[in-house]
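Chemist: Have a look at the structure that comes next, please.
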Amino acid sequence: MPERLTYVHPDGSEPMRADKALAAFLSGRISRSRLLVSFSEGKVMMGGKPVEKKLLLRAGDALEVGLPEPPPDRVEPADIPVEILYEDDDVAAVNKPAGMTVHPGSGTGPDTLVHAMLSHCPLSLAGGAMRPGIVHRLDKETSGAMVLAKTDRAYYALVELFSAREVDKEYAALIAGVPTVRSGCIKKNIGRHPAFRTKMCVCDAPLGRDAHTEWFIEEKFGAKAALVRCKIFTGRTHQIRVHMSDLGFPIMGDYAYKFQKNKFREIEPPARVMLHSRRLRLPHPVRKGEVIDVTAPPPDDFKKLAQTLRETYGFEG
């Protein structure tokens with residue numbers, strides 16, 4: 001049963017917001033984020049009615065607090081199919097589906113890539129029990145090739161390879177608009193957006209970290225869109241999405257980074273970001289002299305949109 005507590009605002013105390021009063025009362029017992037879950041789920045009550053976190057408490061006011069269940073300390077396997085691209089005793093490479101979160105976090109369920117992989121094979125716990133095997137990530141909406149560590153020796157070696165930028169990472173993206181040149185190189189720092197904390201943006205140092213993307217047009221769909229191959233030499237959050245948007249060619253379906261569906265009235269706009277991790281090539285983290293080179297076929301929605309663009313706007317290779 002979830003634990004329930006009673007808090008009474010002390011006599012002689014100044015008025016205080018409910019969330020701040022409870023945060024002080026429960027300091028060291030639960031995190032502020034867990035306390036906010038209690039508020040959002042209506043488990044903080046006064047007189048039998050849920051209250052908002054901004055409620056101003058006065059001396060003598062009593063709150064009944066239902067604490068949320070403690071977060072899990074391990075990930076349980078879930079029987080979810082995953083396409084395996086490569087596997088040996090130390091590593092596994094997979095084709096992550098679009099819409100699947102890589103590892104558990106706030107608001108996620110028991111359906112992440114980690115949940116799925118644990119039903120298939122053991123994963124290294126060197127990076128933490130809630131992120132077993134994870135040495136790099138793809139956004140939830142991004143599909144494609146990822147590599148995971150099954151053993152601790154592979155985990156530490158993979159971390160070094162990614163840190164030393166010895167992993168070749170190639171993506172495919174469907175972008176809105178068509179650049180006037182066939183290829184280009186973007187070297188612009190990327191950092192957290194100052195106003196929207198879930199977004200990134202191009203910004204100067206020290207706020208932004210170096211980011212390097214190369215792109216090449218593989219196919220043009222009239223003057224409306226293009227299929228581009230992107231190679232990234234750094235691994236910044238949302239790197240390709242931010243860089244292409246900054247160029248003026250946002251990825252189709254990327255509503256967070258300036259994609260406008262009203263510019264494509266002739267077709268059904270995509271429901272997700274049309275970005276796919278096409279290929280990973282890296283030295284084997286354990287078997288010296290060997291190379292892991294995997295290619296992930298794009299998902300059906302990516303292929304269907306590309307074909308729709310060809311049929312609607314024409315194409316040029």
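Chemist: Take the conditions acidic (D, E) and under 19 Å from L280 (Cβ atoms) and apply them to D152. Does it pass?
Modeler: Numbers: acidic (D, E): yes; under 19 Å from L280 (Cβ atoms): no.
No; evaluated as a whole, the condition is false for this residue.
Chemist: Next question, about the same structure. Kindly provide the set of residues from the range 142-176 that are in a loop (DSSP other than H, G, I, E, B) and surrounded by fewer than 16 Cβ atoms within 10 Å (Cβ to Cβ), ordered by number.
Modeler: Our first condition is that a residue be in a loop (DSSP other than H, G, I, E, B); within the range 142-176, this holds for 142, 150-151, 164-167.
Within the range 142-176, A164, R165, E166 meet the criteria.
Chemist: Among the strands (runs of 3 or more DSSP E) confined wholly to the range 187-306, which include 1 or more residues that are over 30 Å from A154 (Cβ atoms)? Don't jump to the end; show me each part of the working.
Modeler: On the way: elements: 190-192, 200-202, 212-221, 225-232, 275-283, 291-295.
Fully inside the range 187-306 and qualifying: 190-192, 200-202, 212-221, 225-232.
Chemist: Among the listed residues G107, G127, which satisfies the condition of being modelled with pLDDT under 95, over 30 Å from L309 (Cα atoms) and in contact with a helix residue (DSSP H, G or I) (Cβ under 7 Å, 6 or more places away or on another chain)? Even if it seems obvious, please write down each step before you answer.
Modeler: Working: G107 fails: in contact with a helix residue (DSSP H, G or I) (Cβ under 7 Å, 6 or more places away or on another chain).
Just one listed residue meets the conditions, G127.
Chemist: Return yes or no: is T151 hydroxyl-bearing (S, T, Y), at pLDDT 95 or above and more than 30 Å from E316 (Cα to Cα)? Full working, then the answer.
Modeler: Numbers: hydroxyl-bearing (S, T, Y): yes; at pLDDT 95 or above: yes; more than 30 Å from E316 (Cα to Cα): yes.
Here the answer is yes, as T151 does meet what is asked.
Chemist: Moving on. If I ask for residues that are part of a loop (DSSP other than H, G, I, E, B), surrounded by 11 or more Cβ atoms within 10 Å (Cβ to Cβ) and in contact with a helix residue (DSSP H, G or I) (Cβ under 8 Å, 6 or more places away or on another chain), which ones from the range 53-71 would you list?
Modeler: Result: K53, L55, L67, P68, P71.
Chemist: Let me ask another. Suppose the filter is buried (at least 19 other Cβ atoms within 10 Å of the Cβ), over 20 Å from T142 (Cβ atoms) and either under 24 Å from the mean Cα position of the chain (by Cα) or not polar (S, T, N, Q) (or both); does F259 pass it? Break it down into steps so the answer makes sense when it comes.
Modeler: Values: buried (at least 19 other Cβ atoms within 10 Å of the Cβ): yes; over 20 Å from T142 (Cβ atoms): no; either under 24 Å from the mean Cα position of the chain (by Cα) or not polar (S, T, N, Q) (or both): yes.
When the stated conditions are applied, F259 does not pass them.
Chemist: When the residues of the range 177-186 are narrowed to those that are aliphatic (A, V, I, L, M) and in a loop (DSSP other than H, G, I, E, B), which ends up nearest to L275 (Cα to Cα)? Give the steps one after another, and end with the answer.
Modeler: Going through the range 177-186, the residues aliphatic (A, V, I, L, M) turn out to be 178, 181, 186.
Subsequent filtering for residues that are in a loop (DSSP other than H, G, I, E, B) retains 178, 181.
Numbers: V178: 16, V181: 21 Å.
Restricting to residues being aliphatic (A, V, I, L, M) and in a loop (DSSP other than H, G, I, E, B), the top hit is V178.
Chemist: Go through the range 281-296 residue by residue and tally those that are within 13 Å of S143 (Cα to Cα) and out of contact with any Gly (no Cβ under 8 Å at 6 or more places or on another chain). Explain how you work it out, then say what you get.
Modeler: Within the range 281-296, the subset within 13 Å of S143 (Cα to Cα) is 295-296.
Retained after the next criterion (residues that are out of contact with any Gly (no Cβ under 8 Å at 6 or more places or on another chain)): 295.
Residues meeting the conditions: 1.
Let's see how each residue does on (1) on the phi > 0 side of the Ramachandran plot; (2) crowded, with 19+ Cβ neighbours inside 10 Å; (3) at pLDDT below 95; (4) touching a Ser or Thr at 6+ places or on another chain (Cβ under 6 Å):
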residue	(1), (2), (3), (4)
M274	no, yes, no, no
L280	no, yes, no, no
G289	yes, no, no, no
P298	no, yes, no, no
R310	no, no, no, no
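Chemist: Sticking with this one: Please go through the range 72-123 and give me each residue that is among the hydrophobic types (A, V, I, L, M, F, W, C), in a loop (DSSP other than H, G, I, E, B) and either under 23 Å from L275 (Cα atoms) or in contact (Cβ under 8 Å) with a residue 60 or more places away in the chain (or both), ordered by number. It would help to see each step written out before you state the result.
Modeler: Taking the range 72-123 as the starting set, the residues that turn out to be among the hydrophobic types (A, V, I, L, M, F, W, C) are 75, 78, 80, 82, 84-85, 91-94, 98, 100, 102, 113-114, 116-118, 121, 123.
From the residues that got through so far, the ones that are in a loop (DSSP other than H, G, I, E, B) too are 75, 78, 80, 82, 98, 100, 102, 121, 123.
Answer for the range 72-123, where residues must be among the hydrophobic types (A, V, I, L, M, F, W, C), in a loop (DSSP other than H, G, I, E, B) and either under 23 Å from L275 (Cα atoms) or in contact (Cβ under 8 Å) with a residue 60 or more places away in the chain (or both): I80, V82, A98, M100, V102.
Chemist: Just checking, how many residues over the range 279-317 are over 25 Å from A226 (Cβ atoms) and among the basic types (K, R)?
Modeler: 2
Chemist: With (1) part of a loop (DSSP other than H, G, I, E, B); (2) exposed (fewer than 14 other Cβ atoms within 10 Å of the Cβ) as the list, and A126 as the residue in question, which single condition is left unmet?
Modeler: (2)
Chemist: Right, something else. Hey, any hits in the range 22-29 for a residue that's among the hydroxyl-bearing types (S, T, Y), surrounded by 12 or more Cβ atoms within 10 Å (Cβ to Cβ) and on the phi < 0 side of the Ramachandran plot? Spell out the reasoning first.
Modeler: At the first step, the residues of the range 22-29 found to be among the hydroxyl-bearing types (S, T, Y) are 27.
Filter once more, keeping what is surrounded by 12 or more Cβ atoms within 10 Å (Cβ to Cβ): none.
The answer is no, given that none of the residues of the range 22-29 is among the hydroxyl-bearing types (S, T, Y), surrounded by 12 or more Cβ atoms within 10 Å (Cβ to Cβ) and on the phi < 0 side of the Ramachandran plot.
Chemist: Can you tell me which residue is nearest to P132 (Cα to Cα) among those in the range 97-115 that are crowded, with 21+ Cβ neighbours inside 10 Å and either over 12 Å from the mean Cα position of the chain (by Cα) or of a type in the set (D, E) (or both)?
Modeler: The selected residue is V114.
The values are calculated or read from the model by the stated rules, or taken from the named source; none is laboratory data. Just so it is clear, the structure is predicted and the values come from calculations on it, not from any experiment. Counting neighbours? That spans all protein chains shown, and the Cβs are built from the backbone with ideal geometry, glycine included.
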